[in-house]
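Working notes, structure below.
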Amino acid sequence: MKKFTYFGILSLLLLYCCTSEIPKNKTDTVNKIENQKTVKVGKGPDALFLTPDEKYLYVANVEDNFISIISTEKEEVVGKIEGIKYPWGFTRCGSSNTVAVSGYDKQISLIDFTTHKVIKQKDYKFNLGGITSSNDGNFYYVIGTETQKAYKIDSHNLNIVDEYKTGNGPDGIGISKDNSKIYTTNTKDGTISVINLKTKKTKILNFGGGKPELIHYNKNHSLLFISNFTLNKIHIISTETDKILHELTALSSPEEAVLSQNEKLLYVVNFGSKKVLVYDATTYQKLDMEYSVGNKPIGIVSALNDTKLFVTNYGDNTVSVIRINK
C-alpha cells in the first residue's frame with residue numbers, strides 16, 4: 001500500500017509539473033498566432049506612412065504602380081492610390097494634410113491623405129530614392145539614385161531649386177533638427193554624407209564600410225537611426241554633433257529601425273532572420289521580446305497608441321499585423 005501511494009503521489013507530481021508547463025508554452029504559441037494577421041498588398045511592399053490620426057496606413061509597393069491603403073482598425077486593405085510610378089518613400093509636408101511620395105521611375109506625387117487623392121505630380125529626368133522634408137514643409141529633399149546627387153524641391157510647384165553631391169549609390173536621406181544639414185547613405189562607398197545646405201560642404205562619416213541604407217529619426221530629428229545591411233548594425237547618430245551615440249550589433253541584415261509612437265521602444269526589422277527585435281529606446285538594451293514576420297521584411301510602423309505593429313514583407317507581398325499585449 002505504501003509503495004502504491006508513493007508512486008501514485010510521484011506520478012501526480014510529475015503530471016502536475018508537466019501540465020503546468022505545457023499550457024504555458026501552448027498559450028505563448030497560440031497568442032503569437034492569434035495576435036498576428038497577414039494582409040495581402042501589391043508587389044514589393046516597402047516603406048510605410050501612417051496618417052496623423054493613425055486610422056490609415058499607406059504601403060509603398062515598389063514593384064507596382066500603386067499605394068495600398070490599409071485600415072489600421074479593420075486590418076485590411078480598403079483602397080489604393082494608382083498612378084504612382086514604383087513608390088519608394090514618404091514624407092509629410094510640414095503640418096499639412098499632404099504627403100509626398102518619391103517614385104523610383106522619375107516621379108514625385110503629392111497626396112492629400114484626408115481624401116486619398118493625388119493632387120499634384122511631376123516627372124524628372126532621373127530615378128529617385130529616399131525623400132525627406134524641412135520642418136516647415138516648404139522643401140523636399142530627394143535622392144537621385146543614379147546621378148549621385150540630392151535635390152532640393154519646392155514643395156508648392158515641385159521644381160528643383162538646388163542640388164548637392166553625394167557619395168556612390170545614394171539611397172536613404174535624413175535632415176537635422178535645425179534643418180541645416182541633410183544626411184545621405186552611400187551604399188557603394190559604405191559611408192554617410194553630411195551636407196551643409198548653406199555652404200554645400202560635405203563631411204563623410206565612415207563607420208567601417210558595409211552597406212548603409214535606410215534613415216529614420218525621432219520626432220524632433222535630433223537622432224538618426226541608420227541601418228547598415230551588411231555590417232549587421234544600426235548606427236544611432238546625433239544630428240547636433242554628427243557623432244555615433246550608440247550602435248546595435250549582432251543583427252541579421254537590418255532594414256528599418258523605427259521608434260514607437262511614445263518613443264520608449266525601438267523596433268528593428270531583420271531582413272535576414274524574418275524577425276523584429278525590440279530595444280529600450282533610452283538605454284538601447286535589447287528587450288526579451290521579438291516577433292516573427294513574413295519573408296524579407298523591410299518596413300515597420302507602430303500605430304493606435306502603440307497597440308499594433310505593421311511590418312511590410314517584401315518577399316511575400318504582404319503586411320504583418322502584430323497586436324501588442326501591453
For this session: Restricting attention to the range 265-308, report how many residues are of a type in the set (S, T, N, Q), part of a loop (DSSP other than H, G, I, E, B) and touching a strand residue (DSSP E or B) at 6+ places or on another chain (Cβ under 8 Å).
Result: 3
Seminar exercise, completed: Within the range 52-80, residues being of a type in the set (S, T, N, Q) and farther than 23 Å from N325 by Cα number 3
Seminar exercise, completed: Over the range 105-143, the set of residues surrounded by 19 or more Cβ atoms within 10 Å (Cβ to Cβ), of a type in the set (S, T, Y) and closer than 22 Å to E54 by Cα is S109, T132, S133
Exercise. Across the range 206-263, which residue is nearest to G94 (Cα to Cα) among those that are charged (D, E, K, R) and touching a His at 6+ places or on another chain (Cβ under 9 Å)?
Worked result: E256
Seminar exercise, completed: Screening V278, V268 for residues that are among the hydrophobic types (A, V, I, L, M, F, W, C) and touching a residue at least 24 places away in the same chain (Cβ under 8 Å) leaves only V268
Seminar exercise, completed: In the range 144-180, anything under 18 Å from I237 (Cβ atoms) and either small (G, A, S) or surrounded by 21 or more Cβ atoms within 10 Å (Cβ to Cβ) (or both) is listed as A150, T166, G167, P170, D171, G172, I173, G174, I175, S176, S180
Exercise. In the range 222-233, which residue that is under 21 Å from D280 (Cβ atoms) and not small (G, A, S) is surrounded by the fewest Cβ atoms within 10 Å (Cβ to Cβ)?
Worked result: N232
Seminar exercise, completed: With criteria (1) in contact (Cβ under 8 Å) with a residue 12 or more places away in the chain; (2) surrounded by fewer than 20 Cβ atoms within 10 Å (Cβ to Cβ), M289 comes up short on (1)
For this session: For the range 245-264, indicate whether the set of residues that are without any contact (Cβ under 8 Å) to a residue 12 or more places away in the chain and in contact with a strand residue (DSSP E or B) (Cβ under 7 Å, 6 or more places away or on another chain) is non-empty.
Result: no
Exercise. Which residue pairs have Cβ atoms closer than 7 Å, lie 6 or more positions apart in sequence or on different chains, and pair a first residue in the range 292-304 that is free of Cβ contacts under 8 Å to residues at least 40 places away in the same chain and polar (S, T, N, Q) with a second residue that is assigned to a strand (DSSP E or B) and buried (at least 22 other Cβ atoms within 10 Å of the Cβ)?
Worked result: N295/N313
Exercise. Which residue pairs have Cβ atoms under 9 Å apart, sit 6 or more places apart or on different chains, and have a first residue in the range 212-231 that is touching a residue at least 60 places away in the same chain (Cβ under 8 Å) and a second that is part of a loop (DSSP other than H, G, I, E, B)?
Worked result: L214/F229; H221/N135; H221/S176; H221/K177; H221/D178; H221/N179; H221/T239
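Since every read-out is calculated from the coordinates, none of them should be taken as a lab result. Quick caveat, the model's predicted, so the values are computed rather than measured. Note that we place each Cβ from the backbone using ideal geometry, even for glycine, and neighbour counts take in every protein chain shown.
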